[in-house]
Amino acid sequence: MVRHLLKISDLSKEECEKIIYKAIEIKNNPEKFKAALKGETLLMLFEKPSLRTRISFETGMQQLGGHAIFYSIVDSPLGKKENIHDTAKVVSLYVNLIAARVYKREDMQNFAKDSSVPLINMLDDFAHPCQILCDFLTIKEKKGRLDNLKMSFFGDGYNNVTYDLMRMCAMFGLRMDVACPSGTDYSPEQEVLDEVAELSKISGAVVRVVHNAKEAAKDSDIIYTDSWMSYGIPKEQEEERKSIFMPYQVTEDIMKLAKSGAIFMNCLPAMRGAEQTAEVIDGPQSIVFDQARNRLHGQKAIMLFLREKF
Ligand code: CP
Ligand code: NVA
């Protein structure tokens with residue numbers, strides 16, 4: 001059966017490790033992989049904007065000897081002129097891999113059902129697996145390990161990036177505190193909490209949702225935040241959301257409460273003065289551009305894995 005990557009827990013912990021090690025190998029010796037996907041085509045479908053994901057996938061595919069097609073489904077909306085199932089069946093006749101960025105998880109799941117080639121989720125409202133896998137590559141490089149760590153997430157708890165970070169920490173047996181406002185619009189969904197609890201039973205992870213930023217920061221190795229204004233959130237909600245999330249802003253005081261060698265992460269795009277201060281994101285503990293750089297290497301490894309090249 002064809003493998004898709006819709007959320008990070010579609011992979012096992014062992015598969016994530018295998019992909020991360022392959023990414024390190026590719027990063028160290030890109031020449032060796034320059035024909036690894038020769039003659040192959042990646043179709044990239046975008047319903048929402050992107051800078052990093054689009055450019056890193058397109059460049060990555062080209063560096064592996066393949067070809068990438070950018071297709072904006074804003075111009076030709078999914079499920080309008082023809083149903084998603086027909087679209088998935090047709091496009092997977094032409095290409096070797098498909099990657100999609102859509103608003104709704106249902107669209108991603110429906111597409112996957114009828115795609116005869118691997119589908120990679122490049123972001124929906126439920127997950128961002130490529131980001132998280134590449135982030136763990138960055139953590140491995142910076143910390144030298146992927147165990148015995150505490151991650152603290154600040155801000156939007158009802159959020160794709162937060163969900164896959166929770167799943168990944170649960171799979172890797174880490175400690176994680178998600179510091180977010182209470183209420184269903186800002187805290188993780190029950191479905192995600194249930195999945196994380198199941199994964200944690202196996203790994204011994206402790207993933208908590210807390211409402212006190214200082215408590216979350218204590219003893220942390222990794223301080224992570226994401227936009228308060230995810231793609232698609234109407235501009236008129238900005239002021240209200242800013243005031244709701246402000247108690248969870250990552251400041252220098254928050255960084256001081258973490259371990260002295262703690263790293264600061266943000267998947268980007270970032271807003272200085274919102275989810276973190278300029279001093280933090282531009283400060284010595286910030287590794288946000290290392291994260292961005294590793295999207296290229298990590299996603300090459302993801303594509304090779306799904307094409308069963310290792
Ligand atoms: N982090 C990330 O996915 O960035 P883009 O939205 O620019 O692709
Ligand atoms: N939570 C953010 C992630 C961007 C990469 C969003 O959905 O816009």
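For the set 256, 18, solvent exposure ranked by accessible area (probe 1.4 Å, protein chains only) runs largest to smallest as 256, 18. With a cut-off of 14 Å between beta carbons, the residues surrounding residue 235 carry a summed charge of -2, where Lys and Arg count +1 and Asp and Glu -1.
Summary value for the range 1-140: 32 percent relative contact order, contacts being C-alpha pairs under 8 angstrom separated by 6+ residues. The angle separating the long axis of helix 105-114 from the principal Cα axis of greatest extent in the chain is about 30 degrees. Over all projection directions, the Cα-based convex hull of the chain averages an area of 15.2 nm². Remark: the chain carries 43 Å² of accessible area per residue (probe radius 1.4 Å; ligands, DNA and RNA excluded).
Assign one of three labels to the range 156-219, namely rounded, prolate or oblate, based on the Cα gyration tensor with a ≥ b ≥ c the square roots of its eigenvalues; rounded applies when a/c is under 1.5, prolate when it is not and a/b is larger than b/c, and oblate otherwise. Oblate.
Seen against the Cα atoms of the chain and their longest principal axis, helix 13-28 is set at about 80 degrees.
How large a share of the accessible area of the chain, in percent, is made up of carbon and sulfur atoms when the probe is 1.4 Å and the other protein chains stay in place?
With neighbouring chains kept in place, the figure for the chain is 51 percent.
Just check the range 19-173 against the gyration tensor rule for me: Cα atoms, a ≥ b ≥ c as the square roots of the eigenvalues, rounded for a/c under 1.5, and otherwise prolate or oblate depending on whether a/b exceeds b/c. In terms of gyration-tensor shape, oblate. Shape class for the range 118-184: oblate, because the ratio a/c of the largest to smallest gyration tensor axis (alpha-carbon atoms, square roots of eigenvalues) is 1.5 or more and b/c is at least a/b. Based on Cα contacts under 8 Å between residues 6+ apart, the chain shows a relative contact order of 20 percent.
What is the dipole size for the chain, taken about its Cα centre, with +1 at each Lys and Arg Cβ and -1 at each Asp and Glu Cβ, in debye to the nearest 20? Spell out each step's value before the answer.
Working: 41 positive and 44 negative charges, 224 e Å.
The dipole of the chain has a size of about 1080 debye.
Place +1 on the Cβ of every Lys and Arg and -1 on the Cβ of every Asp and Glu in the chain, take the dipole about the Cα centre, and give the residue among 310, 298, 126 whose Cα lies farthest towards its positive end. Of the listed residues, the answer is 310.
The values are calculated or read from the model by the stated rules, or taken from the named source; none is laboratory data. Note that the structure is predicted; figures quoted are calculated from it, not measured. Cβ coordinates were reconstructed from backbone atoms using ideal geometry, including for glycine residues, and neighbour counts include every protein chain displayed. With ligands, DNA and RNA removed, areas are computed over all heavy atoms of the protein, side chains included. Shrake-Rupley method; radii C 1.70, N 1.55, O 1.52, S 1.80 Å.
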